[in-house]
Protein chains: 2
Amino acid sequence: MAVRNVGIRDVAEMAGVSVTTVSHVLNDTPQMRVAADTRARVREAAKTLGYGPNRMAQALRTNRSGLIGLLSEEIATTPHAGRIILGAQNAAREHDLTLVIVNTERESGDSHRDDVQALIDRQVEAVLYATMYHRQVSLPPNLQGLPAVLIDSTDKAGIVPAVVPDEVGGAIAAVTHLVEAGHRRIGFLNNDDDVPATHERLVGYKEVLRLYDIPIDEQLIVQAPSETLPGYEIARELLARHDRPTALFCYNDRMAMGAYRAANELGLDIPHDLSIVGFDNQELIAANLFPGLTTVALPHYEMGAWAVDTLVHLLHGEDEYKLLADTPTRLDCPLVIRGSVGTPRDN
Amino acid sequence: MAVRNVGIRDVAEMAGVSVTTVSHVLNDTPQMRVAADTRARVREAAKTLGYGPNRMAQALRTNRSGLIGLLSEEIATTPHAGRIILGAQNAAREHDLTLVIVNTERESGDSHRDDVQALIDRQVEAVLYATMYHRQVSLPPNLQGLPAVLIDSTDKAGIVPAVVPDEVGGAIAAVTHLVEAGHRRIGFLNNDDDVPATHERLVGYKEVLRLYDIPIDEQLIVQAPSETLPGYEIARELLARHDRPTALFCYNDRMAMGAYRAANELGLDIPHDLSIVGFDNQELIAANLFPGLTTVALPHYEMGAWAVDTLVHLLHGEDEYKLLADTPTRLDCPLVIRGSVGTPRDN
DNA sequence: CTGTTAGCGCCTTCAG
DNA sequence: CTGAAGGCGCTAACAG
């Protein structure tokens, strides 16, 4: 069963037709209309013989390898990459394409060039480029000429379609959730890197407050590196204030984890005395904290799938898809509700 | 640069030789000895033209696709899969092989069959099968005939080479670390599933105690599902005893996370009042707890690489490698030291 | 509607 | 030591 020794010729012979006809039937070539019974005979012969086309021969002949490359950062460190891969994988299978994945270093001079070259050498028809956090990148020069789509990043030159998370929307969902639970003093533990997420989540935060006529207190907006320890430190400061916030919106789940520790040390019960919302939905953290962390999920799976779908359109020469390069597509960041948000005690 | 339009013929022409010679030079065919200067001319021509062989044509001709399939569980949920992928990827590149990755459901009747078939349809030469926790599996029937290697699991039938973590060794490293820090009352928060890791880590635990003439107190060995919450619960019970252990060896990092919470609630300082060692080295947890969790790393990267290397040998028909199927190869689980182990306070 | 035929780019006997 | 020629399995003109 494993060794594919049956060829199109065998099918032709068994069905009593020529290989051409078999080819036409099996690929149902548009203009070539084949008699219904012939077609049935061919189909049956193929099935009983367990025929499957030899992709290599097909590829050679049609000059389409059926391979698309996925260049991804940090495959080994975050489950985010896994989600992108899975989304891309499933979409690829849908289109009968095969995904070839290559890990790439985040910042390393020409190594991207080499990784792209490895993919080109393997005859990929197109490439996906995935970063692990939302940012701008410049593409390796040898990618010129191959259709490409960016995942979780945008192209400096603006010539390649890109898909990114809707950071503003995610922040809006998070803060709205807090406001609707009754909170009015909401702290924001923001990242301090100059990346889109930092700015856009802040925009979302402010937008919600504005919408609900809650004055923006700049004192409640603090920044630090987006890690657990700095998150802990700034959370502690914020919560030590006499007019401490009743809720915290955290740039990511790691900072939220730090906030949990701060709350704990200060004897504040979550969600009773303090509500917390994170960002990223890192299951390993969010689901294992006490109580479970309500957080915003990043659409990694969806971005992977979107990217492949777009690539397919590009491959089909539907040029209108190139226009997508102008403005990145933004995908929804849904709120994942666990147990870290409650009604403010005193209000 | 991206479109590969230069063929072997162009190289031949430029070098003033026949395609045969070019082929011989570029593949340095064993018996075909080519004059040194001819060879140089060919090499140079190939380089200046930017020639690279068309893998599809090569594959068709040699009947070797250069593709190997990696069937992996839970690509999207744990970084473990990412590590395996990376290890396999790098090894594959070393051997000029291309990895095709397919996600597969853990338990789902015939879906494995279909996933394997998808790989076969893509003409993979061999397949790797990776599970996300160490256990026994039975292979899909259509895998028969293809070389295969198991990662993190063993074959019920015992006909396929397999590589697994050295659980006993990992446990020994962990508990030894604790004993050498001065601990003699060491609790073991074990998993309660009937999987190899449960039994083997216990073996390692007991072995170390025996080695150091520390009596085994069965009361200190407790079991629960290997999640944070159950870990918390049994840790709490254990730590509430008047003769509580001074150290805890936890089946995995999630249980250790639960133990941290228990310690915290009981006012026990880590590592001052209580030392903890985990297992898995889930960075997201281990590196983000306070203090950082000392834990045992699983050799996922190494298993991925080992599997590909073994596959290559199998592919080369080195039958002695088939013998590997008899006993799974065990790879080292190194201890990763962070900050959760200290000297016992009272002793 | 169906069949014949010519390659896709490469490797590989077999002759020189 | 080098070259000519056949064919891997399939698709796509082009004929019938």
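The values are calculated or read from the model by the stated rules, or taken from the named source; none is laboratory data. Everything numeric here is computed off the predicted structure, so don't read it as measured data. When we count neighbours, we look across all protein chains shown, and the Cβ atoms used for this are built from the backbone with ideal geometry, even at glycine. Note: areas computed on protein heavy atoms with side chains; ligands, DNA, RNA excluded. Shrake-Rupley method; radii C 1.70, N 1.55, O 1.52, S 1.80 Å.
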Taking segment A:32-67 and the residues there that are over 39 Å from the mean Cα position of the chain (by Cα) and not in a helix (DSSP H, G or I), the one that is nearest to A:Leu314 (Cα to Cα) would be A:Met32
Filtering segment A:182-200 down to residues that are open to solvent by 10 Å² or more (accessible area, probe 1.4 Å) and outside any loop (DSSP other than H, G, I, E, B), which residue is farthest from A:Val163 (Cα to Cα)? A:His199
Here the residues within segment A:56-77 that are over 19 Å from B:Ala91 (Cβ atoms), in contact with a strand residue (DSSP E or B) (Cβ under 9 Å, 6 or more places away or on another chain) and touching a residue at least 60 places away in the same chain (Cβ under 8 Å) are A:Ala59, A:Ser65, A:Ile68
One residue from A:Glu105, A:Glu125, A:Glu73 being more than 9 Å from DNA strand C (Cβ to nearest atom), in contact with a helix residue (DSSP H, G or I) (Cβ under 9 Å, 6 or more places away or on another chain), closer than 29 Å to B:Tyr51 by Cα and at pLDDT below 85: A:Glu105
Restricting segment A:1-15 to residues that are within 14 Å of chain B (Cβ to nearest Cβ) and modelled with pLDDT of 85 or more, the residue that is nearest to DNA strand C (Cβ to nearest atom): A:Ile8
Name every residue in segment B:80-124 that is assigned to a helix (DSSP H, G or I), acidic (Asp, Glu) and open to solvent by 40 Å² or more (accessible area, probe 1.4 Å), in order of residue number. B:Glu94, B:Asp114, B:Asp121
Can you spot a residue in segment A:221-230 that is over 24 Å from B:Asn264 (Cβ atoms), within 27 Å of the chain's Cα centre (by Cα) and away from every other protein chain (no Cβ under 14 Å)? yes
Could you list all residues from segment B:37-75 that are more than 14 Å from every other protein chain (Cβ to nearest Cβ) and open to solvent by less than 80 Å² (accessible area, probe 1.4 Å)? B:Thr38, B:Arg39, B:Ala40, B:Val42, B:Ala45, B:Leu49
Please determine whether any residue of segment A:19-29 is over 22 Å from B:Arg122 (Cα atoms) and within 13 Å of DNA strand D (Cβ to nearest atom). yes
Could you list, ordered by first residue, the pairs with Cβ atoms under 7 Å in which the first is in segment B:296-314 and within 14 Å of chain A (Cβ to nearest Cβ) and the second is assigned to a helix (DSSP H, G or I) and among the polar types (S, T, N, Q), at least 6 apart or interchain? B:Ala305/B:Asn90
Quick check on my filter: what residues within segment B:222-232 are surrounded by fewer than 19 Cβ atoms within 10 Å (Cβ to Cβ) and either in a helix (DSSP H, G or I) or touching a Lys or Arg at 6+ places or on another chain (Cβ under 9 Å) (or both)? B:Glu227, B:Leu229
Condition broken by B:Gly304, with the remaining ones in (1) of a type outside the set (A, V, I, L, M, F, W, C); (2) touching a Lys or Arg at 6+ places or on another chain (Cβ under 6 Å); (3) open to solvent by less than 50 Å² (accessible area, probe 1.4 Å) satisfied: (2)
Hey, any hits in segment A:264-273 for a residue that's at pLDDT 95 or above and buried (at least 24 other Cβ atoms within 10 Å of the Cβ)? no
Considering only segment B:180-206, state which residues are free of Cβ contacts under 8 Å to residues at least 40 places away in the same chain and under 20 Å from B:Val341 (Cα atoms). B:Glu180, B:Leu202, B:Gly204, B:Lys206
